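A quick write-up on the structure given underneath.
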Amino acid sequence: MAHYRGSESKREQFRRYLEKAGVLDSLTNVLVALYEETEKPTNALDFVKQHLGVAGPEPGETETLRQEVADLRGKCEKLTEENKELRSRLLQYEPTTTEGGPE
């Protein structure tokens, strides 16, 4: 019987810890939001993760971001090539200097 009381005490301490940290309120709010959804999500765990802020971006958003990164990398590569070409053209118009510098 003493073992039962000890585990209850630990459970109660843990419950108070969760309550003090705001975990119980957060979980309750998310579960209430899930309950109040008119169209229940196909994956309840993803819903909970998203509403707790632990889920990553949505799959569609991820693909959009990947495409944006690819586009920006292409643009950067294009601008780098353009920069090289313009520097090369600029060198044609600049007088060459010797190692000692201008005289």
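The values are calculated or read from the model by the stated rules, or taken from the named source; none is laboratory data. What you see is a predicted model; the values in this text were computed from it and never measured. Ideal geometry is used to build each Cβ from the backbone, glycine not excepted, and the neighbour counts take in all protein chains shown. Keep in mind that these areas ignore ligands, DNA and RNA; they rest on the heavy atoms of the full protein, side chains included. Shrake-Rupley method; radii C 1.70, N 1.55, O 1.52, S 1.80 Å.
Just so you know, in region 37-67 the residues that are touching a helix residue (DSSP H, G or I) at 6+ places or on another chain (Cβ under 8 Å) and assigned to a helix (DSSP H, G or I) include one that is farthest from Gly22 (Cα to Cα), and it is Ala44. In region 18-32, the residues that are closer than 17 Å to Leu45 by Cβ form Cβ pairs under 7 Å with partners that are open to solvent by less than 80 Å² (accessible area, probe 1.4 Å) and at pLDDT below 95, at six or more places apart or across chains, as follows: Ser26/Leu52; Val30/Val48; Val30/Leu52.
Per-residue answers, yes or no, for (1) of a type outside the set (Ser, Thr, Tyr); (2) at pLDDT 95 or above; (3) within 23 Å of the chain's Cα centre (by Cα); (4) surrounded by fewer than 10 Cβ atoms within 10 Å (Cβ to Cβ):
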| residue | (1), (2), (3), (4) |
| --- | --- |
| Glu37 | yes, no, no, no |
| Gln50 | yes, no, yes, no |
| Ala55 | yes, no, yes, no |
| Leu90 | yes, no, no, yes |
| Glu99 | yes, no, no, yes |
